[in-house]
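K.L.:
Questions regarding the structure given below will be posed in turn.
The values are calculated or read from the model by the stated rules, or taken from the named source; none is laboratory data. Keep in mind that what you see is a predicted model, and the values were worked out from it rather than measured. Note that each Cβ is placed from the backbone with ideal geometry, even for glycine, and that neighbours are counted across all protein chains shown.
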Amino acid sequence: MTIDDLRKHIDTIEESYEYFLAYAAQGLSGDGAGASGGELREYLKRTDEALTAFMDDMDGVAAGFEPADAYQDAGDVIQRDASDTRAAVRLVMAQSAVSSQLIDNLNASIHFRALLTDLFLFDEVLKTSAQQAG
């Protein structure tokens, strides 16, 4: 995964989380066939795709950074947290109707929060590294 790909996936997760927060605040009992339900499903799908990318392709991210093992170790943590978060996201996706409460519970998942924290940290390190290099 390139750094640009990584940043796109981080942005996807952050955007989805923000959408999920707004969805949870609506107090909806289920997504049915409404416009917000289709949009929710799209955000869940994009989240699943980004999580899959984190799980499958973090190895190349450490290339070019020193000490490489520190970046690789952080990549390993992101992979594990992405896997745990993906399990929760896929469970939600499997439901025929997704209520605001269900999304609120997804948002509150320790796995999702751990992943977000990992990504915020890693993104900030990348920004700092880019500033120091440029």
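K.L.:
Within the set of pairs 6 or more residues apart or between chains, which connect a residue that is of a type in the set (Ser, Thr, Tyr) inside the stretch 58-79 to a residue that is part of a helix (DSSP H, G or I) with Cβ atoms less than 7 Å apart?
P.N.:
TYR71/VAL61; TYR71/ALA62
K.L.:
A further question on this structure: Please determine whether any residue of the stretch 35-48 is in contact with a helix residue (DSSP H, G or I) (Cβ under 6 Å, 6 or more places away or on another chain), among the β-branched types (Val, Ile, Thr) and modelled with pLDDT of 95 or more.
P.N.:
Taking every residue of the stretch 35-48 in turn, at least one turns out to be in contact with a helix residue (DSSP H, G or I) (Cβ under 6 Å, 6 or more places away or on another chain), among the β-branched types (Val, Ile, Thr) and modelled with pLDDT of 95 or more.
K.L.:
Among the numbered conditions (1) in contact with a helix residue (DSSP H, G or I) (Cβ under 8 Å, 6 or more places away or on another chain); (2) loosely packed, with under 13 Cβ neighbours inside 10 Å, tell me where ASP56 comes up short.
P.N.:
Tallying (1) in contact with a helix residue (DSSP H, G or I) (Cβ under 8 Å, 6 or more places away or on another chain); (2) loosely packed, with under 13 Cβ neighbours inside 10 Å, ASP56 fails exactly one: (1).
K.L.:
In the stretch 77-134, which residues are closer than 20 Å to PRO67 by Cα and either of a type in the set (Ser, Thr, Tyr) or not in a helix (DSSP H, G or I) (or both)?
P.N.:
THR128, SER129, GLY134
K.L.:
Restrict the check to the stretch 116-126 and report whether at least one residue is without any contact (Cβ under 8 Å) to a residue 60 or more places away in the chain, among the acidic types (Asp, Glu) and out of contact with any His (no Cβ under 9 Å at 6 or more places or on another chain).
P.N.:
Looking through the stretch 116-126, at least one residue is without any contact (Cβ under 8 Å) to a residue 60 or more places away in the chain, among the acidic types (Asp, Glu) and out of contact with any His (no Cβ under 9 Å at 6 or more places or on another chain).
K.L.:
Follow-up. Within the stretch 75-134, take every residue that is of a type in the set (Asp, Glu) and surrounded by 13 or more Cβ atoms within 10 Å (Cβ to Cβ) and give me the one that is nearest to GLN26 (Cα to Cα).
P.N.:
Once the filter is applied, the top-ranked residue is ASP104.
K.L.:
Looking only at the stretch 53-76, count how many residues are in a loop (DSSP other than H, G, I, E, B), closer than 20 Å to ASP11 by Cβ and aliphatic (A, V, I, L, M).
P.N.:
Residues in the stretch 53-76 being in a loop (DSSP other than H, G, I, E, B), closer than 20 Å to ASP11 by Cβ and aliphatic (A, V, I, L, M): 1 in total.
K.L.:
Out of curiosity, is ASP56 within 20 Å of ALA108 (Cβ to Cβ) and under 14 Å from the mean Cα position of the chain (by Cα)?
P.N.:
The answer is no for ASP56.
K.L.:
Can you confirm whether the stretch 33-52 contains a residue that is buried (at least 18 other Cβ atoms within 10 Å of the Cβ) and outside any helix (DSSP H, G or I)?
P.N.:
Among the residues of the stretch 33-52, not one is buried (at least 18 other Cβ atoms within 10 Å of the Cβ) and outside any helix (DSSP H, G or I), which makes the answer no.
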